[in-house]
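Heads up, the thing below is written out as structure tokens.
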Amino acid sequence: MFSNEDYLAELLVEAGVVSPDQIDHARARGGSLVEQLLAETDLKETTLAAVLGQNAGIDAIDLAQAAITPDVAAAIPDEIARRYKVVPVADDGIYLTVAVADPFDFETMDSLPTVLGRELQFVVATRTAITDFLRSFYGATDSGTQMDVTGAEGASAEDSDAPIIRLVQTMLSEAMRMRCSDIHIEPLETSVRIRYRVDGKLMEVDNHPKKLLPAIIARLKVMSGTMSIAEKRLPQDGRIQLKAADKEIDLRVSSVPSNHGESIVMRILDKSALVLGLPELGFFSDDQTVFEELIGLPDGIILVTGPTGSGKTTTLYTCLNVINRPDRKIITVEDPVEYELPGINQVMVKADIGMTFAAALRSMLRQAPNIIMIGEIRDAETANIAINAALTGHLVLSTLHTNDAPSAVARLADIGIKRFLIASAVRAVLAQRLVRKLCAVCKQPAELTEKQIRSMNLDPSRMAEATIMGPLGCEKCRNGGYRGRMGIFELFKVDDEVRHMINENLTSGQLRRRARELGMRTMREDGIRKVLAGLTSAEEVLHVTMSDAH
């Protein structure tokens, strides 16, 4: 119970509060010396605290009489307070005063300032008072159980009474309700800013006092199960699993030290989103038919391209759902595995132990798969293995970072793949962007400006049958006018003529012009179709496709 019971016994005898016989009798009983003395003698916990404080040269206080505000209590994260059995008592901005039960627990006294990153002053309080305070303010100790953001956490109702736990729970549940894709917890000079990304747009939703930052971050790190509370100098990654409205939600947590403290970003992965089909992604029926034929091929490479955040991974997972059948063996190699798909073998890249994309791919090919999904082709080694797999009877799905579909050819050539191999292996490239969908509840008829009509190169005959709609704003879309996102696509099929052009070493621009002559629809043109159908606005499409050639 205390760090050195022999030394404590000497102090109590010297202070005259217990006799040597009482010490001997308590020791003969076994167990904790202090517990036996408190139970069998007139020794009180307050007397014990006073003796300890006097000998350690620090004050003893009565926690019951201490006016501890919630802001002060939040200065120590609940997990740290419970681990070290300490209570924050006062904070003057320079020193944080902390109550301990054992001032001779030098491990706690030495390490706590480092863990908290603060200058500390110590006082002594009774162990019972400290335990009672920890229970009443921070809640009962939890064991890292899965959190349900729609209700209480774990088995104890006391947990939901703890302010920091309640704050974090509210933040997560509100993020789920707003369907946000990631949560940003950003330390500023004097405050903590909370922002949500909803339908691709960041919005500020809350600000908290700066002193709450350590408690919020510690809570999230403990929920992740793998992140260190004490480590504040290096980036860390973790994962939190939640349940919201009977849905399984994964949070990918990333912490990075910044000039004002640790910044946390949590990416929200909703597993239920993967039951989407191609129409839900934004495919019109004509493109859907062609794309379904492509992903049904027995071999070759199909690439999905676009910048970060353009929905490439969701498209690949949806493809796997469409083609996943009992007679097909599908293996994926990902960094990291974002969604767990039933019936599919998924491998996570771990470069620190040598499990790179290339190493995983070589092993996967010995598993005799029909279909391989590679999270991203990043280097020549991975690209060569993917090309060889495609040429030896496997269907390979992967992503590249290019601005449009024909540029994928140049990208593969740049990383060292010979053009005749590209021409032989690649079956199609799908480039995509995400645009916000107009809120189905409040969208209203709208008219295009002359500038928009010119920018979209619209023929007046198409305007006659169009259903042009624009954003209004309502409670359902939080007065934004948009709710949800959809893809706009550019599908570049590699047929015999395109193969010839690739072998002829045409530039990306030449390939693009020829592909358009052969009927390829650009992302802007696909977006225009969706504007004319009243699904999104002209502003959205023109903004997202600013670099698109007309």
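Each distinct pair of alpha carbons in the chain adds a 1/r term; the inverse of their mean, the Kirkwood radius, is 27.8 Å.
With the full set of protein chains in place, find how many percent of the accessible area of the chain is carbon and sulfur; take the probe as 1.4 Å.
Accessible surface attributable to carbon and sulfur in the chain totals 49 percent.
Summing charges over neighbours of LYS44, with a neighbour being any other residue whose Cβ is under 14 Å away from its Cβ, gives -4 when K and R count +1 and D and E count -1. Loop-located trypsin sites (Lys or Arg not before Pro) in the range 27-130 (DSSP state not H, G, I, E or B) with no more than 13 neighbouring Cβ atoms inside 10 Å: LYS44. Look at where the Cα atoms of the range 392-462 and of the range 34-104 average out, and the two centres are 63 Å apart. Cross-linked pairs LYS329/LYS418; LYS247/LYS476; LYS243/LYS530; LYS312/LYS437; LYS85/LYS350; LYS451/LYS530: Cα-Cα separations exceed 26 Å for LYS329/LYS418; LYS243/LYS530; LYS85/LYS350.
A simple spin-label model places pseudo-atoms 7 Å from Cα toward Cβ; at LEU297 and SER254 they are separated by 3.3 nm. Counting only alpha carbon atoms, the long axis of helix 380-391 and the longest principal axis of the chain meet at about 50°. Based on the reciprocal of the average 1/r between different C-alpha atoms, the Kirkwood radius for the range 421-481 equals 14.9 Å. Diffusion coefficient of the range 165-210 by Stokes-Einstein, Kirkwood radius over Cα pairs, 37 °C, 0.692 mPa s: 303 µm²/s. What is the helix-to-structure angle for 508-517, meaning the angle in degrees between its Cα long axis and the longest Cα principal axis of the chain, kept from 0 to 90 and rounded to the nearest 10? Helix 508-517 sits roughly 60 degrees off the main axis of the chain. Between helix 45-56 and the chain there is an angle of about 90 degrees, using the helix long axis and the longest principal axis of the Cα atoms.
Using the Kirkwood radius built from alpha carbon pairs, what does the Stokes-Einstein equation give as D for the range 1-96 at 37 °C and 0.692 mPa s, in µm² per second?
So the translational diffusion coefficient is about 214 µm²/s.
Its Cα centre serving as origin, the range 287-378 has a Cβ charge dipole (Lys and Arg +1, Asp and Glu -1) of approximately 320 debye. Stokes-Einstein diffusion for the range 398-550 at 37 °C, viscosity 0.692 mPa s, with a Kirkwood radius from C-alpha pairs, works out to 194 µm²/s.
The chymotrypsin sites (Phe, Trp or Tyr not before Pro) found in the range 215-304 include none that occupy coil by DSSP while having at most 10 further C-beta atoms within 10 Å. Computed over the chain, the per-residue total of -39500 (n - 2.57) for DSSP H runs of n ≥ 4 gives a 222 nm mean residue ellipticity of -10500 deg cm²/dmol, rounded to 500. Mean separation of Cα pairs under 8 Å and 6 or more residues apart, divided by the residue count, gives the range 314-388 a relative contact order of 33 percent. Among beta bridges from DSSP that stay inside the chain, the antiparallel ones total about 65%.
Could you tell me the relative contact order of the chain? Use alpha-carbon pairs under 8 Å, at least six residues apart, and round to a whole percent. Taking the mean separation of contacting Cα pairs over the length of the chain, I get 9 percent. Values of log10 I(q)/I(0) for the range 339-457 across q = 0.09, 0.20, 0.21 Å⁻¹ run -0.39, -1.16, -1.26, by the Debye formula with one identical scatterer at each alpha carbon and no solvent.
Based on alpha-carbon atoms, the Kirkwood radius and the radius of gyration of the range 179-296 give Rg/Rh equal to 1.12. Cysteines of the chain lacking any other cysteine Cβ under 4.7 Å from their own Cβ: CYS180, CYS319. Using a probe radius of 1.4 Å on heavy atoms only, what accessible surface per residue do you get for the chain? Whole Å² is fine. Per-residue value: 46 Å². Available extension along the chain between HIS543 and ASP327 is 73.4 nm, counting 0.36 nm per residue and deducting the alpha carbon span.
The values are calculated or read from the model by the stated rules, or taken from the named source; none is laboratory data. None of the values given here were measured: they were computed from a predicted structure. Because the Cβ atoms are built from the backbone with ideal geometry, glycine has one as well, and the counts that use them run over all protein chains shown. The accessibility values were calculated without ligands, DNA or RNA, using every heavy atom of the protein model including side chains. Shrake-Rupley method; radii C 1.70, N 1.55, O 1.52, S 1.80 Å.
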